[in-house]
Amino acid sequence: MVSREAADRGRAWLIRALSVLVLLLAWEAAGRLAASPLAPPASTVLAVMARETASGVLPHHVGITLARVAASFLLAMGAGTALGLAMGWWRTVDLWLDSALLLLLNLPALVLIVLLYVWFGLTEAAAIAAVALNKLPTTAVTVREGVRALDAELLEMGRVFRYGRAATLRHIVLPQLLPYLFAATRSGLALIWKIVLVVELLGRSDGVGFQIQVYFQLFDVAHILAYALAFILIVQVIEWAALQPLERRAARWRAS
Amino acid sequence: MGGPATAGAPGGAVEGVVTRLIVDIREKRLAGRPVLGSLAFSLDEGEVMAVVGPSGCGKSTLLRLVAGLDRGVTGTVRWSGEGARPVPNLGVVFQQPRLLPWRTVRQNLALAGADPAEGERLLERLGLAAQADVWASQLSLGMARRLALARALAVDAQALLLDEPFASLDEGNQRLARAVLAEQLLRRPVPTLLITHDLMEAVALAHRVLVLSPGPARLLFDQAVPPGVRTDPALAAATVAALRDLAR
């Protein structure tokens, strides 16, 4: 017997798949109507993607970009979470760092990238630092809000029953912060890979951003779209295969 | 009252560690407003003291002070005992259950430092054995309150602080929870502060009853409960009536 829940999930998947199919068909039709190399149909872009994948060029560049995304993501999430925890917990830390955070939050990504490249040269470290610094303030702000929303009564309970620092963090604080951490992760992933592309375009000689720069100079829209699409697919796979199952697992206790 | 008798008189020593609570509050303010007035009493080893007063009179504030969760007070709130820490190991039942909804019933006990065997026994006694591996978020309020009581009793506490531990339990579970508490106090007599607004409950469980005025609470009187009360329903009723008269 198929449970109602499974049937519901099946139906949701079907609608999702159909919506993607409709999108692809609309793109295909529009591309064929336009009949211009500047607006290629879906089939052309997918063919380019297949060719570039078979030759190994696309996997090479996508791999490099992915590594940069992972490095700057881990850096931004780690440092941003630590900062947000400290700022949410201790008012003095918050007062000291709030202005700097606001500055960083409002500094355009491009300015930060250019400055770091000027100061530290067109290096890998500068590139990753630039991306991480762009994401760090939003993570810190999100986690700080999470800490401010912590349930004071549960923290008192932990004190009375002598949970100790590690157990308090793990069993009382972290479960309450998870929704904020997931929000930061999700927005972070979306933001970071876009900024990585700009960083690569401006100062690296490999990666998806670099390839897009090359094909921009050739006005080769099919290649530009093929690289972008490949990356969108990968980010989507991360969402489906890692983020959503993790989130479901973390929210098990909410299910009735 | 049908519950089993608690220790007739204070004095059952717990492994040589004597824990005593001394309270001498002159005033306690919250946000500039007085919530507690002049209030002095001491709670001795193995003694059960009921604190009775109208709702909102500051009983829970008193419990927070005694638990060391709030230290801003004019006067003293002090625990003493051999090698005493500022606050001893406490078993606390808060007014709200304060469970971790994202942990199971059993994990809630274990994380609070409950003795595993004692935890299982209390779950069984309080009718929660079937829920041991259920998320605490899925318990009804009555179950959550019984788990909160189990948690307070299962940790190796040097003193118990119980804030209306039987509130929002149905009749049968209230009787059950009272019986379990009375049993536990007999087995392991530790100084216990029982906050309640029910004089009958106070008389049934405590050696002494402290009656507070409406907030900011002052101590109205501090009355010993006659030893025979728990076996003699007529005496219990008379005691409650006498206390009610005094409180008026």
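The values are calculated or read from the model by the stated rules, or taken from the named source; none is laboratory data. What you see is a predicted model, and the numbers here were worked out from it, not measured in a lab. Please note: Cβ atoms are built from the backbone with ideal geometry, for glycine as well, and neighbour counts cover all protein chains shown.
Return yes or no: is B:Gln95 closer than 23 Å to B:Leu169 by Cα, within 14 Å of chain A (Cβ to nearest Cβ), surrounded by fewer than 21 Cβ atoms within 10 Å (Cβ to Cβ) and under 16 Å from the mean Cα position of the chain (by Cα)?
Working: closer than 23 Å to B:Leu169 by Cα: yes; within 14 Å of chain A (Cβ to nearest Cβ): yes; surrounded by fewer than 21 Cβ atoms within 10 Å (Cβ to Cβ): yes; under 16 Å from the mean Cα position of the chain (by Cα): yes.
Against the criterion (closer than 23 Å to B:Leu169 by Cα, within 14 Å of chain A (Cβ to nearest Cβ), surrounded by fewer than 21 Cβ atoms within 10 Å (Cβ to Cβ) and under 16 Å from the mean Cα position of the chain (by Cα)), B:Gln95 qualifies.
I'm checking my understanding of the structure. Among residues of the stretch A:27-45 that are among the aliphatic types (A, V, I, L, M) and in contact (Cβ under 8 Å) with a residue 60 or more places away in the chain, which one is surrounded by the most Cβ atoms within 10 Å (Cβ to Cβ)?
As a first pass, look at the stretch A:27-45 and keep what is among the aliphatic types (A, V, I, L, M): A:29-30, A:33-35, A:38-39, A:42, A:45.
Filter once more, so that each one left must be in contact (Cβ under 8 Å) with a residue 60 or more places away in the chain: A:38-39, A:45.
Values: A:Leu38: 9, A:Ala39: 16, A:Val45: 22.
Filtering the stretch A:27-45 for residues that are among the aliphatic types (A, V, I, L, M) and in contact (Cβ under 8 Å) with a residue 60 or more places away in the chain, the one surrounded by the most Cβ atoms within 10 Å (Cβ to Cβ) comes out as A:Val45.
Could you tell me whether any residue of the stretch B:223-245 is in the same structural domain as B:Glu47 (by TED's automatic domain parsing), part of a strand (DSSP E or B) and not charged (D, E, K, R)?
Yes - at least one qualifying residue is present in the stretch B:223-245.
Report yes if some residue within the stretch B:65-78 is in contact with a Phe, Trp or Tyr (Cβ under 7 Å, 6 or more places away or on another chain), within 14 Å of chain A (Cβ to nearest Cβ) and not in a helix (DSSP H, G or I); otherwise report no. Walk me through how you get there before you give the answer.
Start the filter on the stretch B:65-78 by keeping residues that are in contact with a Phe, Trp or Tyr (Cβ under 7 Å, 6 or more places away or on another chain), which leaves none.
No: the stretch B:65-78 contains no residue that is in contact with a Phe, Trp or Tyr (Cβ under 7 Å, 6 or more places away or on another chain), within 14 Å of chain A (Cβ to nearest Cβ) and not in a helix (DSSP H, G or I).
For B:Leu161, indicate whether it is closer than 20 Å to B:Leu205 by Cα, crowded, with 22+ Cβ neighbours inside 10 Å and in contact with a helix residue (DSSP H, G or I) (Cβ under 6 Å, 6 or more places away or on another chain). Give the derivation first.
Numbers: closer than 20 Å to B:Leu205 by Cα: yes; crowded, with 22+ Cβ neighbours inside 10 Å: yes; in contact with a helix residue (DSSP H, G or I) (Cβ under 6 Å, 6 or more places away or on another chain): yes.
Considered against the rule, which asks whether it is closer than 20 Å to B:Leu205 by Cα, crowded, with 22+ Cβ neighbours inside 10 Å and in contact with a helix residue (DSSP H, G or I) (Cβ under 6 Å, 6 or more places away or on another chain), B:Leu161 comes out as yes.
B:Arg151 versus (1) within 13 Å of chain A (Cβ to nearest Cβ); (2) at pLDDT below 95; (3) under 30 Å from B:Cys57 (Cα atoms): which is the lone unmet condition?
Answer for B:Arg151: the failing condition is (2).
Being surrounded by 14 or more Cβ atoms within 10 Å (Cβ to Cβ), over 30 Å from B:Val155 (Cβ atoms) and without any contact (Cβ under 8 Å) to a residue 24 or more places away in the chain is true for just one of A:Leu115, A:Leu136. Which residue is that? Don't jump to the end; show me each part of the working.
Working: A:Leu136 fails: without any contact (Cβ under 8 Å) to a residue 24 or more places away in the chain.
Checking each option against the conditions leaves just A:Leu115.
Can you name the residue in the stretch B:103-115 that is at pLDDT below 95 and either surrounded by fewer than 22 Cβ atoms within 10 Å (Cβ to Cβ) or away from every other protein chain (no Cβ under 12 Å) (or both) and is also farthest from B:Gln184 (Cα to Cα) among such residues?
My answer is B:Gly113.
Between a residue in the stretch B:150-171 that is within 22 Å of B:Ala117 (Cα to Cα) and any residue that is surrounded by fewer than 22 Cβ atoms within 10 Å (Cβ to Cβ) and among the aromatic types (Phe, Trp, Tyr), which pairs come within a Cβ distance under 8 Å, given they are 6 or more apart or on different chains?
So the pair list comes out as B:Ala159/B:Trp79.
All but one of (1) within 14 Å of chain A (Cβ to nearest Cβ); (2) aliphatic (A, V, I, L, M); (3) closer than 18 Å to B:Gly46 by Cα hold for B:Val209, so report the exception by its number.
All conditions are met except number (1).
For the stretch B:198-217, state whether one or more residues are surrounded by fewer than 19 Cβ atoms within 10 Å (Cβ to Cβ), of a type in the set (Asp, Glu), out of contact with any strand residue (DSSP E or B) (no Cβ under 6 Å at 6 or more places or on another chain) and under 23 Å from B:Asp115 (Cβ atoms).
No, because not a single residue in the stretch B:198-217 is surrounded by fewer than 19 Cβ atoms within 10 Å (Cβ to Cβ), of a type in the set (Asp, Glu), out of contact with any strand residue (DSSP E or B) (no Cβ under 6 Å at 6 or more places or on another chain) and under 23 Å from B:Asp115 (Cβ atoms).
Can you spot a residue in the stretch A:203-225 that is without any contact (Cβ under 8 Å) to a residue 12 or more places away in the chain, among the hydroxyl-bearing types (Ser, Thr, Tyr), away from every other protein chain (no Cβ under 14 Å) and outside any helix (DSSP H, G or I)?
Yes, the conditions are met somewhere in the stretch A:203-225.
On the basis of being modelled with pLDDT of 90 or more, more than 14 Å from chain A (Cβ to nearest Cβ) and over 24 Å from A:Gly158 (Cα atoms), does B:Arg121 make the cut? Don't jump to the end; show me each part of the working.
Numbers: modelled with pLDDT of 90 or more: yes; more than 14 Å from chain A (Cβ to nearest Cβ): yes; over 24 Å from A:Gly158 (Cα atoms): no.
No.
A:Val48 - would you say it is β-branched (Val, Ile, Thr) and within 30 Å of A:Thr168 (Cα to Cα)? It would help to see each step written out before you state the result.
Values: β-branched (Val, Ile, Thr): yes; within 30 Å of A:Thr168 (Cα to Cα): no.
No, not satisfied.
Rundown of residues vs (1) within 12 Å of chain B (Cβ to nearest Cβ); (2) closer than 19 Å to A:Ala79 by Cα, yes/no style:
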{"position": "A:Leu122", "(1), (2)": "no, no"}
{"position": "A:Ala140", "(1), (2)": "no, yes"}
{"position": "A:Val143", "(1), (2)": "no, yes"}
{"position": "A:Glu156", "(1), (2)": "yes, no"}
{"position": "A:Gly164", "(1), (2)": "yes, no"}
{"position": "A:Tyr180", "(1), (2)": "no, yes"}
{"position": "A:Ala183", "(1), (2)": "no, yes"}
{"position": "A:Leu191", "(1), (2)": "no, yes"}
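Quick check: anything in the stretch A:85-92 at pLDDT 95 or above, over 30 Å from B:Val92 (Cα atoms) and either surrounded by fewer than 17 Cβ atoms within 10 Å (Cβ to Cβ) or in the same structural domain as A:Val48 (by TED's automatic domain parsing) (or both)?
yes
From A:Val147, A:Val131, A:Val173, which residue is away from chain B (no Cβ under 14 Å), in a helix (DSSP H, G or I), under 21 Å from B:Pro101 (Cβ atoms) and of a type in the set (A, V, I, L, M, F, W, C)? I'd like the intermediate steps shown before the answer.
Numbers: A:Val131 fails: under 21 Å from B:Pro101 (Cβ atoms); A:Val173 fails: away from chain B (no Cβ under 14 Å).
The unique qualifying residue is A:Val147.
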